[in-house]
Amino acid sequence: MNDQEFENYTRSMQEMFRSEGWEYFLNDIKGGVPNVNSVEAAKDENDLFFRKGQLAVMANILNLEAQLDSVIEERNNPQAEGQEEAA
């Protein structure tokens, strides 16, 4: 992804994060976590693994803004990553 595409992508994502609809969506996801995160409700082993996958997707969505911030930081400061590893 070139710099202009990256800028457009991050700007669009940040606009989405500031929207009222995004807040509604996150609240819906947060509200669903307790229903999915129940070992007792799992019917069998396959259902348990399915729930595990659902929780992974939910966590990814809930952390999307922080993930984007991290990618932006890494892209803006590529040398910082190398310095942290050397320390």
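Scan the range 21-46 residue by residue and report those that are of a type outside the set (A, V, I, L, M) and surrounded by 12 or more Cβ atoms within 10 Å (Cβ to Cβ). Step through it out loud before you land on a result.
Initial filter on the range 21-46 (of a type outside the set (A, V, I, L, M)): 21-25, 27-28, 30-32, 34-35, 37-38, 40, 43-46.
Within the range 21-46, TRP22, PHE25, LYS30, GLY32, ASN37 meet the criteria.
Of all residues in the range 66-78, those that are under 13 Å from GLU7 (Cα atoms) have Cβ atoms under 7 Å from Cβ atoms of residues that are of a type outside the set (Gly, Ala, Ser) and in a helix (DSSP H, G or I), 6 or more apart or on another chain, in LEU68/THR10; LEU68/MET13; ILE72/THR10; ARG75/PHE6.
When you look at ASN2, is it loosely packed, with under 10 Cβ neighbours inside 10 Å and either aliphatic (A, V, I, L, M) or modelled with pLDDT of 95 or more (or both), yes or no?
no
The values are calculated or read from the model by the stated rules, or taken from the named source; none is laboratory data. Quick caveat: nothing in here was measured; it's all calculated off a predicted structure. Reconstructed Cβ throughout: ideal geometry from the backbone, glycine too, with neighbour counts over all protein chains shown.
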